[in-house]
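Notes to accompany the following structure.
The values are calculated or read from the model by the stated rules, or taken from the named source; none is laboratory data. Because the structure is a prediction, the values reported are computed rather than measured. Cβ atoms come from the backbone with ideal geometry, glycine included; neighbour counts cover every protein chain shown. Heavy atoms of the whole protein, side chains included, go into the accessibility calculation; ligands, DNA and RNA do not. Shrake-Rupley method; radii C 1.70, N 1.55, O 1.52, S 1.80 Å.
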Amino acid sequence: MKKLFIISTVLIPILISFSVKSGKILYLDLTTANLPIPTVTGPTMDAETGDLDNDGDPDIILAREFAPNKILINNGNGIFTDGTPGNLPQFTYDSEDIGIADFNMDGFQDIVFASEDNMVHELYLNNGNGSFSNFNNRLPNSIANAVLAKDINNDSLPDIILGNAGQNLILINNGDTTFSDETALRIPASAEVTQDLKLSDIDNDGDNDLIAGNEDGNRIYINNGSGIFTDETAQRLPESTVEETRKVTVTDVDNDNDPDIFFANVAFRPGRTRQNRLLLNNGSGFFTDVTATNLQIDNEHTTEGIFVDIDYDNDPDLITSNIFFNRPMKVFENNGSGIFTEVTDIVLPPNTVAEGIGVLSGDFNNDGLTDLYLQNRRTSQQTTESDRLLLRKDTVTVNIFNSSNEIPFTSGVDQNYPNPFNPVTVIRYRLSGSGSIKLSVTDILGKEVAVLDKGRKEAGEYVTEFNGSGYPSGVYFYSLVKDGKAEGKVRRFVLLK
């Protein structure tokens, strides 16, 4: 995160300096104005986005602990109403985690909820209008804290992985809304208590590997290319005997084009440490622990960390949610090499606290900027607290210059971040001189699917976002034309849902 000169669309210079003295708060708390407070005052355990009603904007799904789950319908401007009544079947289960995918390949997003103590998982298929039908009997019972809905066996059908207290389960989609338990074939036996699962191509061989965040020792499973996993933890992951992980986040923090790992840690069990952990990838899926040099000492119980490019400098900054102790939401700036420093006071509104069980990012009000949704695991002692919605308050597309106000030498587009992405990615482009421009996205067949920016622009550097919520997974390309001439490279990016 660098010092940035940001010029609005009417070219009035505004200085944003990332120092406490600036007093520049980047987010507005619009919880009361934009959320149905009775609906979001329950014990939220997870939140995910999906276009449930097929109208092109992100809605929100809430998993709730020993309370019926909820869905929030977005009006397109970041104002949400309770879309649950008559649309989502209601059960009082111990829901912990959410997976979203088109399980029956009808073009609509379906939902799976993982349940812990009740052991009954919920599978709901979308009827096409944001209402859902119950298919719970298609899944086996288990004690689960985590669920992934991804294609494991390369047949283009989303499968389900359940992170359990004990053996994790791999359920393969048969294509007819039923699933086959292929756990014994695809993953080694285990006895850990899994809290989170992530898929990522950590060894750069073209397939997704599995990272399990556990209460009692994290694991790395390497994919053979066919969705069969081998435990290679001992070779690839530096050992920690004091780590109790709640969430795993995988992203390239040091800009070397390979995925690194952040473990959000708590100390609910004796002998554990609250310190989060950061591990850098050598490019082949072998990790080095850089926690001591790259993260600040943090004594919170951290339940989740997500990465968002807060200042549009093409590196991922860290946002954490924390529980039970001081309960703050925190923001840490990235220096571009994966070294993080806290800047919470100049990014978030004062006193952004809650029993923060998780934090979700997305462009909720369709302005091209990344907003935040803080999930609150409300207890009986905090009856007035709810989930919180924080909207970014900058202009739609901002003009970013470096601190010397230099004009770029060449025109073109930079590689987007993140890549692959789901559903939002940031795209930055440069103009060495003024002119009429068009920044567009095409699919793999060359068909234009989106225009991200268009019109006359002055020389400088610009940033915008592409939201893939309404597009299918796949390879896309974006390019810049100025005064009828192509400028720079055509860039390739991947939407991976």
*Give me a count of the residues in the stretch 418-446 that are open to solvent by less than 50 Å² (accessible area, probe 1.4 Å), part of a strand (DSSP E or B) and not small (G, A, S).*
14
*Working only within the stretch 162-220, note down all residues that are in a strand (DSSP E or B), among the acidic types (D, E) and more than 30 Å from N134 (Cα to Cα).*
D209
*Kindly list, by first and then second residue, each pair from a residue in the stretch 440-456 that is free of Cβ contacts under 8 Å to residues at least 24 places away in the same chain and of a type outside the set (D, E) to a residue that is assigned to a strand (DSSP E or B) and open to solvent by 50 Å² or more (accessible area, probe 1.4 Å), limited to pairs with Cβ atoms under 6 Å and residues at least 6 apart or on different chains.*
K454/K438; R456/S436
*So, of the residues in the stretch 156-181 that are of a type in the set (D, E) and open to solvent by 50 Å² or more (accessible area, probe 1.4 Å), which turns out to be farthest from G227 (Cα to Cα)?*
D176
*Give just the number: which of (1) touching a helix residue (DSSP H, G or I) at 6+ places or on another chain (Cβ under 6 Å); (2) in a strand (DSSP E or B) does G78 not satisfy?*
(2)
*With respect to D252, is the statement that it is on the phi < 0 side of the Ramachandran plot, of a type in the set (D, E, K, R) and either open to solvent by 30 Å² or more (accessible area, probe 1.4 Å) or in contact with a helix residue (DSSP H, G or I) (Cβ under 9 Å, 6 or more places away or on another chain) (or both) true?*
no
*Is there a residue being under 25 Å from S361 (Cα atoms), modelled with pLDDT of 90 or more and more than 22 Å from the chain's Cα centre (by Cα) anywhere in the stretch 454-473?*
no
_Selected residue [within 26 Å of Q235 (Cβ to Cβ), free of Cβ contacts under 8 Å to residues at least 60 places away in the same chain and outside any loop (DSSP other than H, G, I, E, B)] from T303, T273, T288, T320_ = T288
_When you scan the stretch 130-141, do you find a residue that is on the phi < 0 side of the Ramachandran plot, part of a loop (DSSP other than H, G, I, E, B) and open to solvent by less than 10 Å² (accessible area, probe 1.4 Å), even just one?_
no
*Is at least one residue of the stretch 327-348 under 18 Å from N265 (Cα atoms), buried (at least 21 other Cβ atoms within 10 Å of the Cβ), of a type in the set (S, T, N, Q) and in contact (Cβ under 8 Å) with a residue 24 or more places away in the chain?*
no
*Can you find a residue in the stretch 20-30 that is assigned to a loop (DSSP other than H, G, I, E, B) and not aliphatic (A, V, I, L, M)?*
yes
*Among the residues of the stretch 35-56 satisfying the criterion of being more than 13 Å from I100 (Cα to Cα) and of a type in the set (V, I, T), which is most open to solvent (accessible area, probe 1.4 Å)?*
I37
_Please count how many residues of the stretch 323-357 are within 20 Å of T370 (Cα to Cα), hydroxyl-bearing (S, T, Y) and assigned to a loop (DSSP other than H, G, I, E, B)._
1
*Test result for T320, open to solvent by 50 Å² or more (accessible area, probe 1.4 Å) and either closer than 26 Å to D209 by Cα or small (G, A, S) (or both)*: no
*Selection count, the stretch 223-249, where residues are in contact with a helix residue (DSSP H, G or I) (Cβ under 8 Å, 6 or more places away or on another chain) and surrounded by fewer than 20 Cβ atoms within 10 Å (Cβ to Cβ)*: 1
